[in-house]
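Heads up: the structure comes next, in structure tokens.
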Protein chains: 2
Amino acid sequence: MTSPLALKNWFPFLNWGKQYNQKILLADLIAAAVVTLMLIPQSLAYALLAGLPPEVGLYASMAPLVLYALMGTSRALAVGPAAVTSLMTAASLGSLGLQGPEQYIQAALLLALMSGAIMFLMGVGRLGFLANFLSHPVVSGFVSASGILIAASQLRHILGIHLHGETLVELVPQLFQQVSHFHFITSLIGFSVILLLVIARKWLKMALMNLGLTKDIADIFVKAAPVVVLLLSILVSSLFELSLKGVKVVGHVPAGMPSFTLPALTSTTVSWIHSLWIPALLISLVGFVESVSVGQSLAAKSRESIDPNAELRALGLSNLGSGLTGGFPVTGGFSRSVVNYDAGARTPAAGIFTAVGLALAALFLTPWLFHLPQATLAATIMVAVLSLVDFSVFKRTWHYAKADFSALFFTFSLTLLVGVEVGLIAGVSTSLVLLLYRTSRPHIAVVGQVAGTEHYRNVLRHSVIEHASVLGLRVDESLYFANSRFLEESIASAVTQHADIKHVVLLCSAINDIDASALESLETINHRLLDSGVLFHLSEVKGPVMDRLKRSHFFEELSGGIYLSHHQAVTELTKE
Amino acid sequence: MTSPLALKNWFPFLNWGKQYNQKILLADLIAAAVVTLMLIPQSLAYALLAGLPPEVGLYASMAPLVLYALMGTSRALAVGPAAVTSLMTAASLGSLGLQGPEQYIQAALLLALMSGAIMFLMGVGRLGFLANFLSHPVVSGFVSASGILIAASQLRHILGIHLHGETLVELVPQLFQQVSHFHFITSLIGFSVILLLVIARKWLKMALMNLGLTKDIADIFVKAAPVVVLLLSILVSSLFELSLKGVKVVGHVPAGMPSFTLPALTSTTVSWIHSLWIPALLISLVGFVESVSVGQSLAAKSRESIDPNAELRALGLSNLGSGLTGGFPVTGGFSRSVVNYDAGARTPAAGIFTAVGLALAALFLTPWLFHLPQATLAATIMVAVLSLVDFSVFKRTWHYAKADFSALFFTFSLTLLVGVEVGLIAGVSTSLVLLLYRTSRPHIAVVGQVAGTEHYRNVLRHSVIEHASVLGLRVDESLYFANSRFLEESIASAVTQHADIKHVVLLCSAINDIDASALESLETINHRLLDSGVLFHLSEVKGPVMDRLKRSHFFEELSGGIYLSHHQAVTELTKE
């Protein structure tokens, strides 16, 4: 066990760096080559989804990979633009009313810096537990709805039509108006790419294996399929000069490395900061949850574990790096990390090599991208995100628990119809209300003596002896603000139902903590009982709880006594 | 036990109405007379505090009292304008940028209607538990800060100067600028009234008893003191015609009953609704917490209890009534309810008689109020609210628990410096984060066999036998979204620390519930363990949990088995 402040906890590369050798280097280099090939189209596509120029996608994939390699605890996680966070970026920037692409890029940088700062500070403050605000039904409802929204938004590129807005309420009516104006060649490319990618995903591997190829070689073909389709599109597009026939292409992508960027602090950026802090917080939470789930899955395969708070610091730094080098919000993506792992990455150094690969692409490959049709990128996104949409979860959750279903349903429908932020906030609120409801009603049992023993058990479950003048109550939960008022009400109503009692003894064997609200409630209960002529006692109070109560004035005010055992309390109080 | 839909639960007067007789009538009439005398100045003062014309205070005290009498479950609670809700009304209306007193009155009606609708719907939906969002440190920090803000805001009337704004940041600099322009006669009246009221509160009773009066008669004098001071002020003000000498007086108060009012649904009111729903929600929560605490205290004195959800419906209806009859948000006030109880009110009918008394005052007494100095009303408020300010709670809470102190401190300082809404929201957020933190880390013990028994206990607390290949873990909490990720992390790190294990057995004896998030986590744990070559088993699963799990596909996917007892699991798994 090392101290939480140890340098190794902050910079995990100090651990794996020492054991680095030629064999690991080779494995990492191969993985990096595979991931680089995959990331080039993916980065361009997610920049398009976020509403940004294509090169921004490449920039957002370099610095974050290097920074994550220094501070991250997962060996295989690959950090960069991801589908859901790119959609959230588009939605939050779309609501700012920005003028021109220059402002859009500036605001995207700012959003990355803000998300990075939030994540980093959460990590330093060990606030990783805040991700629990996103319960599983909320996350799956949100991800499914996001997948549908992303697919809907990409229809504009695939059909070659104009669509504005981010929600189904905005998109669907326009789609009906515009669909007849679709651009034939663009659509042909879009749907051909979708078809090819789906075939590659579903049948290519089996077909190749039937042709006698080994599983590993077939796998390589499947993984190379998107790059092949990309190259094919570029070839067709440039051969037939499709850009002159109305097909939108990526066009001129400036070659070179990203430059250092820092948004100027003008009144405009201050107003952006004001509008963007809730989106930045939501992007941080969603990005963190996605990243940590992927990271934990991969770590488990090699019996390792990751440290969520270190992950937050690393993701925070990655986003700060992205914001400072012309990028936009990033997270640990699912598909790129799995490919990285499967391709044999052994250490985060693979991420550094991938960053080098992408830098080379940014320096030398951008002229080749000129003829790449936007429809091809949109089709790549569409095939990727439709795997996010999972309708079976609705049926499963409905059968399993109605409360969870309501959180799922609210999140899903509000995300689709009102927007990603409202959907997520509504989901989190539903989860919190459910949490409060769940914790606000602890189990409280009236206890009586099991004949012939000194045990006291629930009168509803056991045949026990009760005393008319002494009411014993056991609370099966620590006492704190969420349930302290319920305790007041329960004791008040228990006393109303037992007319003859003179003593209430609270059996505290299951109480591990009493917070200030609960202390206040105990004092209130004590006074109210006294007002109605009943004394209030405690029994079997645990040591730490006792210590804490001694720091208050409770014992001076308590009308009754403190008893080591409940039996002792009952014996003494019935003797009188 | 009656069904929750029984008519009696909805209209508690059906219970007490049957037993009504002459003796109870007399007691109720006497209490009503005392409370009416007290409410006339108090209603005017709280209207002034909310920034409304004085008659609005009287209107807000009539319909609510009658409606509460029909649906409320507390016998002594008196509903009407209260200090903290009036301050919140002023703050939320102040931020609307309203033009002229007519708009101000319209917006106040709307706020009462909205709070009423929120409370009523919360009551019908049995959402009373939502008041738990307001933990005790948050409430006491908020009430203390509100008391200070109210006192500071009333200085304008006492000194006869101009002050704008609602927070200390706004008020204090103006106070320093303006204090030298104070109006002499106004200040003389203000401070004299404060002095008289403080003397009456602190020493009058003892002085009168020393003079030979009985305790009961001395009590009546003390309670009559504010009315006497009020009459004295009117007398002095009209004799010396102070209104001509620059002393602000209440002035013309229209005589008569309130008329039925309903704000027109224009684009202006729609924009108000948009801005006011969070303030209305906060006023509802604060009003409900205040009312229910007072109601429970008084009910306990006669060994009765109140029904929080019925209280919400009754308060909701009272606020709707207030909004429809020219009033503003109301709640069950502390001082008026205690006076009502002490004066011997036996049933809510006392409230109806008080409403009649106030109606008579509105019809016939308003001309008498012309000369009443505003400084007298402000002094009445100031003396009343300073009893709300409690600094000792800071020291007590600091000693008792630092987490609670942080909630208290944030709420108090942000309420004072930024405003009531931000303060309250920050406090609630702090409480929620603390709740999440508390529930996100359940106690998880590695268990081993107590030698010679079939018991399995915590390896850290007992000397037990462990098996290298089987890891037993006991979670002392139900599994749900707030702690499901922690379970994933704990199991992942436990497996990392035990290199030789082949089986993980989760001892479920303390698990009462597994929600959809936790189910997902269990499936994830199952897959991750399988990925690292470890089988996952459950033991001692409770019946209801088992039933629920059977509605999912979990058992089909589970790599290991389900065992009735933990001992059985360990025996079978170590046999292999």
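Just for chain A, what percent of DSSP beta bridges are antiparallel, to the closest 5?
So the antiparallel bridges in chain A amount to around 50 percent.
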Exercise. For peptide B:300-311, compute the average count of partner chain beta-carbon atoms within 10 Å of each residue's beta-carbon.
Key: 5
Quiz item: From the label point of A:SER302, set 7 Å along Cα to the beta carbon, how far off in nm is each other copy's matching point, shortest first?
Solution: 7.4
Exercise. Would you pull out the residues with amide H under 5 Å of A:GLY560's amide H, same chain only if 5 or more places away, H placed 1.01 Å from N?
Key: A:PHE536
Quiz item: Hey, what's the per residue convex hull volume over the C-alpha atoms of the stretch A:92-229, in cubic angstrom?
Solution: 206 Å³
Quiz item: In peptide A:480-493, how many Cβ atoms from other protein chains are near each Cβ within 10 Å, on average?
Solution: 6
Quiz item: If you bin every alpha carbon distance in the stretch B:503-576 into 10 Å steps from zero, what whole percent lands in each bin?
Solution: 19, 55, 24, 1
Practice problem: Sort shortest first the distances from B:ASP390 to its counterpart in every other copy, using label points 7 Å along the Cα-to-beta-carbon line, and give them in nm. | Solution: 4.9
Exercise. May I ask you to list the chymotrypsin sites (Phe, Trp or Tyr not before Pro) in the stretch B:212-298 that are in a DSSP loop and have at most 16 other Cβ atoms within 10 Å of their Cβ?
Key: B:PHE240, B:PHE260
Quiz prompt | Hull shadow area, averaged, chain B [alpha-carbon convex hull, nm²] | solution = 34.9 nm²
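Would you tell me the mean number of C-beta atoms belonging to other protein chains that fall within 10 Å of each C-beta in B:432-438, as a whole number?
Counting other chains' Cβ atoms within 10 Å and averaging over B:432-438 gives 6.
Can you pull the Rg over Rh of the stretch B:444-575, Cα-only, Kirkwood? Please report the intermediate quantities before stating the final value.
Values: Rg = 13.7 Å, Rh = 14.7 Å.
A ratio of 0.93.
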Practice problem: Determine the shape class of the stretch A:266-401: with a ≥ b ≥ c the square roots of the Cα gyration tensor eigenvalues, call it rounded for a/c under 1.5, and otherwise prolate if a/b is greater than b/c, oblate otherwise. | Solution: rounded
Quiz item: Between the DSSP loop rule and a limit of at most 16 other Cβ atoms within 10 Å, which chymotrypsin sites (Phe, Trp or Tyr not before Pro) in the stretch A:348-415 are left?
Solution: A:PHE370, A:PHE391
Self-check item: Shortest-first nm distances, B:LYS248 label point to equivalent points in other copies (7 Å, Cα→Cβ)
Solution: 6.0
Quiz item: If we sort B:189-200, A:63-74 on the protection proxy, mean other Cβ atoms within 10 Å, highest first, what's the order?
Solution: A:63-74, B:189-200
Quiz item: Nearest-5 percent of antiparallel DSSP beta bridges in the stretch B:444-575?
Solution: 40 percent
Quiz prompt | Rounded if a/c under 1.5, otherwise prolate or oblate - the stretch B:452-498, Cα gyration tensor axes | solution = oblate
Quiz item: What order do you get for B:517-523, A:113-119, B:325-331 when each peptide is scored by the mean count of other beta carbon atoms within 10 Å, highest first?
Solution: B:325-331, A:113-119, B:517-523
Quiz prompt | the stretch B:340-355 - phi-based ³J(HN,Hα) in whole Hz, Karplus 6.51/-1.76/1.60, Gly and Pro as x | solution = 4, 5, 5, 7, x, 4, 9, 9, x, 4, 3, x, 5, 5, 4, 4
Self-check item: Along principal axes, Cα extents of the stretch B:289-364, largest first, whole Å
Solution: 39, 26, 18
Self-check item: Prolate/oblate/rounded label for the stretch B:73-164 (Cα gyration tensor, a/c 1.5)
Solution: oblate
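Measure up B:LYS8/B:LYS301; A:LYS395/B:LYS550; B:LYS202/B:LYS223 against 20 Å on the Cα-Cα distance and list the ones that go over.
Details: B:LYS8/B:LYS301 23 Å; A:LYS395/B:LYS550 15 Å; B:LYS202/B:LYS223 12 Å.
Correct reply: B:LYS8/B:LYS301.
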Exercise. Based on the mean of other Cβ atoms within 10 Å per residue, sort peptides A:478-490, B:20-32 so the most packed one is first.
Key: A:478-490, B:20-32
Quiz item: What percent do you get for the relative contact order of chain B when only Cα pairs under 8 Å and 6+ apart count?
Solution: 23 percent
Practice problem: Using only the alpha carbon atoms of the stretch B:484-532, find the Kirkwood hydrodynamic radius as the inverse mean reciprocal pair distance, in angstroms to one decimal. | Solution: 11.5 Å
Quiz prompt | Value at 222 nm in deg cm²/dmol, rounded to 500, when DSSP H runs of n ≥ 4 in chain A each add -39,500 (n - 2.57) | solution = -20000 deg cm²/dmol
Practice problem: Enumerate the calculated ³J(HN,Hα) couplings along the stretch A:382-397 in order (Karplus 6.51 cos²θ - 1.76 cosθ + 1.60, θ = phi - 60°), each rounded to whole Hz, writing x wherever the residue is Gly or Pro. | Solution: 4, 5, 5, 7, 5, 6, 6, 7, 9, 7, 5, 5, 5, 5, 4, 5
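How large is Rg/Rh for the protein assembly as shown, to two decimals, with Cα atoms and a Kirkwood Rh?
Radius of gyration over Kirkwood radius for the protein assembly as shown works out to 1.02.
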Practice problem: Show the residues, 5+ positions off or on another chain, whose built amide H is closer than 5 Å to the amide H of A:VAL249. | Solution: A:GLN374
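What net charge is computed for the residues neighbouring A:ARG346, neighbours being all others with C-beta under 9 Å from the C-beta of A:ARG346, Lys and Arg scored +1, Asp and Glu -1? Each step should come with its number before you reach the end.
Details: positive: A:LYS23, A:ARG75; negative: A:ASP28.
For residues surrounding A:ARG346, the net value is +1.
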Quiz item: Any idea what log10 I(q)/I(0) is at q = 0.10 Å⁻¹ for the stretch A:384-502, Debye with uniform C-alpha scatterers and no solvent?
Solution: -0.54
Quiz prompt | Vicinal HN-Hα couplings computed from phi for the stretch B:170-176 (Karplus, 6.51 cos²θ - 1.76 cosθ + 1.60; Hz; Gly/Pro x) | solution = 7, 6, 4, x, 4, 4, 5
Quiz item: Quick one: Cα centre-to-centre distance for the stretch B:230-259 and the stretch B:496-529, in angstrom?
Solution: 74 Å
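Quote the charge dipole size of chain B about the Cα centre in Debye, to the nearest 20; the model charges only the Cβ of Lys and Arg (+1) and of Asp and Glu (-1).
Working: 34 positive and 34 negative charges, 355 e Å.
The calculated dipole for chain B is roughly 1700 debye.
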Exercise. Compute the normalised compactness of the stretch B:209-283: alpha-carbon radius of gyration over 2.2 N^0.38 Å, N being the residue count.
Key: 1.97
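Once the convex hull of the C-alpha atoms of the stretch A:254-300 is built, how many Å³ does it hold per residue, rounded to a whole number? Write down the numbers at each step before the final one.
On the way: hull volume 6.6 nm³, N = 47.
Once divided by residue count, the hull of the stretch A:254-300 is 139 Å³.
The numbers here are math on the coordinates, done by the rules we state, and not lab data. Small disclaimer: the values here were computed from a predicted structure and weren't measured. Glycine gets a Cβ as well: all are built from the backbone with ideal geometry, and neighbour counts include every protein chain shown.
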